[in-house]
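Peer 1: I have a structure I would like to understand better, so I am pasting it below and will then ask my questions one at a time.
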Amino acid sequence: MLTINQSCSMIIFGGTGDLTHRKLIPALYHLMYQGMLPEGFTVISVGRQQKSNTDYREELYQSVLKYSRFQVQKVLWDRLSERIYYRAFSFDEEDGYEKLKADLLQIDQMYNTAGNRLYYLAVSPENFAPIVEKIKEHNLIPENEGWQRVVIEKPFGQDLPSAQRLNKRIGKVFSEKDTYRIDHYLGKEMIQNIMVIRFANTIFEPLWNYQYIDHIQITAAETEGVGSRGGYYEKAGALRDMVQNHLLQLLAIAAMEPPEKNDAESIRDEKVRILRAIHFPKASAIGRHVALGQYSGYRQEEKVSPQSTTETYVALKLFLDCDRWRGVPFYIRTGKKLEQKTSQIVVQFKQPPKPFYKECEEGCNPNLLVIKIQPEEGTVLQFNAKKPGNLQQILPVGMNFCQNCNLENNSPEAYEKLLLDVMSGDASRFTRWDEVEYSWRFIDEISNCCSNKAELIENYSAGSWGPQQGQQLIERSGRKWWNL
Ligand SMILES: NC(=O)c1ccc[n+]([C@@H]2O[C@H](COP(=O)([O-])OP(=O)(O)OC[C@H]3O[C@@H](n4cnc5c(N)ncnc54)[C@H](OP(=O)(O)O)[C@@H]3O)[C@@H](O)[C@H]2O)c1
């Protein structure tokens, strides 16, 4: 069993928020359950609401009961919760930081945390930089003692200039190596598995290029609408909310060259090369590369403008300027209120060079490698086989590895892995500044080209697979979206 050897205190700004209740504290309980938390691990949560440690711990307990993937053992929970403290102060309250400093020094002594601090910003983005600056002003980073790392939730900026400004302010306090920009997709089991599938087998990698792959499609579809997040979503839209981070990260991992080493810098170097290689379509061709949609009823959602031109669906056709992927299209789509909740990558291989069977004269069923990310986790390899019987018939069959079908509780939540990574100083699954920079550069270019959104955006019915133009984007070249 892996146990991180370093005690530390985790300071959660936003300790009363949704993320802390639904993800962070349950993830810590799961790590405790698996014996993976460091010996002296301690949490100090900060929020504005006034409450005692006892009341705060009780509220967290209710959340763990609700969201834990393991049965909750009260004895274990008590062992964790007695190390969780709550402090009420507003982020702009100087005195609050002074008290926090005193708490942390005391914790260092009580639990041997040796100045090791994990600052987790589970707060809205406008608070990221001010909190980090207060951390410095109040000397909450002990000099020459232990390690101090900051975890920053998404979104990191709303466009390239705002991301650059934020990065500059964070960079004055934490070095790049101590800045962990979280994209929880990167902690998901099947995302980690993409690299294993590619680089721990010999059967896929030799085919992983323009000679054998017809195209790659990446889908992140949701059945839900914006719900209560209309205020945030109005400013973001599908392009900024999903493509800039999760989907471009998937593209980078699926397309990158094998990294020189299995370490954070080598992996991120290769991802950046892909993000830099995304070929931006000419403005005159934008209609053939970008499809935007909005679900019917979006304008009636809470905190959404009745004239909103925010896209709740986007599909892109991209090419990469690199030898491996010369001429291979990458199709990306994401949307809300679609027919099915699914995140997956489909790799469609080329047809055999010459049809051998009459049945394949019009084209055989293509070989597909499907990497299912959520809700089902697994891999399906589709190939052709003979249908049993005296007639010559060819059938597509699938070899199916379903990771979360049979084994109970086998898939850890992304936040478990990511929190362990921060404690052990492994940034492989966090986005480096240049990844963020190149992603925003691309998204900003697309946004600028689509500034006449009101004309481009097409309505689609809730529960469908999105607007017509999203279908046409891929069907124009004789391909189709696989809704598997
Ligand atoms: N929720 C998710 O599933 C999720 C998923 C991915 C990313 N994120 C990101 O995670 C961050 C947090 O999201 P959330 O959903 O947890 O937000 P939330 O539920 O609105 O929680 C915000 C937290 O910030 C605290 N807060 C706000 N202003 C404060 C101030 N001036 N002083 C002290 N505390 C203050 C609130 O404390 P009080 O309640 O005491 O006021 C609360 O604890 C956001 O950046 C979001 O984009 C969230």
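The values are calculated or read from the model by the stated rules, or taken from the named source; none is laboratory data. These numbers were taken from a predicted model, which means no experiment stands behind them. Using ideal geometry, Cβ is built from the backbone for each residue, glycine included, and neighbour counts are taken over all protein chains shown.
Peer 1: Working only within region 59-114, note down all residues that are part of a helix (DSSP H, G or I), within 16 Å of the ligand (Cβ to nearest atom) and within 30 Å of the chain's Cα centre (by Cα).
Peer 2: Across region 59-114, the qualifying residues are 59, 60, 62, 63, 64, 66, 67.
Peer 1: For region 352-382, what are the residues that are loosely packed, with under 13 Cβ neighbours inside 10 Å and within 21 Å of residue 203 (Cβ to Cβ)?
Peer 2: 353
Peer 1: Still on this model: Any chance you could count how many residues in region 64-86 are closer than 19 Å to residue 11 by Cβ and either without any contact (Cβ under 8 Å) to a residue 60 or more places away in the chain or in the same structural domain as residue 415 (by TED's automatic domain parsing) (or both)?
Peer 2: Residues in region 64-86 being closer than 19 Å to residue 11 by Cβ and either without any contact (Cβ under 8 Å) to a residue 60 or more places away in the chain or in the same structural domain as residue 415 (by TED's automatic domain parsing) (or both): 6 in total.
The rows are residues; the columns are (1) of a type outside the set (Phe, Trp, Tyr); (2) at positive phi.
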{"residue": "139", "(1), (2)": "yes, yes"}
{"residue": "152", "(1), (2)": "yes, no"}
{"residue": "172", "(1), (2)": "yes, no"}
{"residue": "178", "(1), (2)": "yes, no"}
{"residue": "187", "(1), (2)": "yes, no"}
{"residue": "194", "(1), (2)": "yes, no"}
{"residue": "199", "(1), (2)": "no, no"}
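Here is a yes/no grid of residues against (1) in contact with a strand residue (DSSP E or B) (Cβ under 9 Å, 6 or more places away or on another chain); (2) surrounded by fewer than 17 Cβ atoms within 10 Å (Cβ to Cβ):
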{"residue": "282", "(1), (2)": "no, yes"}
{"residue": "300", "(1), (2)": "no, yes"}
{"residue": "318", "(1), (2)": "yes, no"}
{"residue": "321", "(1), (2)": "yes, yes"}
{"residue": "327", "(1), (2)": "yes, yes"}
{"residue": "333", "(1), (2)": "yes, no"}
{"residue": "341", "(1), (2)": "yes, yes"}
{"residue": "348", "(1), (2)": "yes, no"}
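Peer 1: Looking only at helices (runs of 4 or more DSSP H) that fall completely inside region 392-484, which ones have 3 or more residues that are touching a His at 6+ places or on another chain (Cβ under 7 Å)?
Peer 2: In region 392-484, 414-424 are the helices (runs of 4 or more DSSP H) which contain 3 or more residues that are touching a His at 6+ places or on another chain (Cβ under 7 Å).
Peer 1: Residues of region 177-209 being assigned to a loop (DSSP other than H, G, I, E, B), buried (at least 17 other Cβ atoms within 10 Å of the Cβ) and either touching a Gly at 6+ places or on another chain (Cβ under 6 Å) or small (Gly, Ala, Ser) (or both), which ones?
Peer 2: Scanning region 177-209 gives no hits.
Peer 1: Cβ-Cβ under 8 Å, sequence separation 6+ or interchain: first residue in region 163-186 and under 20 Å from residue 134 (Cα atoms) and within 16 Å of the ligand (Cβ to nearest atom), partner of a type in the set (S, T, N, Q) and outside any helix (DSSP H, G or I). Which pairs?
Peer 2: That search, which allows pairs on different chains as well, returns 170/179; 181/431.
Peer 1: Based on what the data block shows, is residue 169 over 16 Å from residue 6 (Cβ atoms) and of a type in the set (D, E, K, R)?
Peer 2: So residue 169 fits the description; yes.
Peer 1: Right, something else. What are the pairs, 6+ residues apart or on separate chains, where a residue within region 430-448 that is over 19 Å from residue 187 (Cβ atoms) has its Cβ under 6 Å from a residue that is hydrophobic (A, V, I, L, M, F, W, C) and outside any helix (DSSP H, G or I)?
Peer 2: From residues that are over 19 Å from residue 187 (Cβ atoms), the pairs are 442/278; 445/280.
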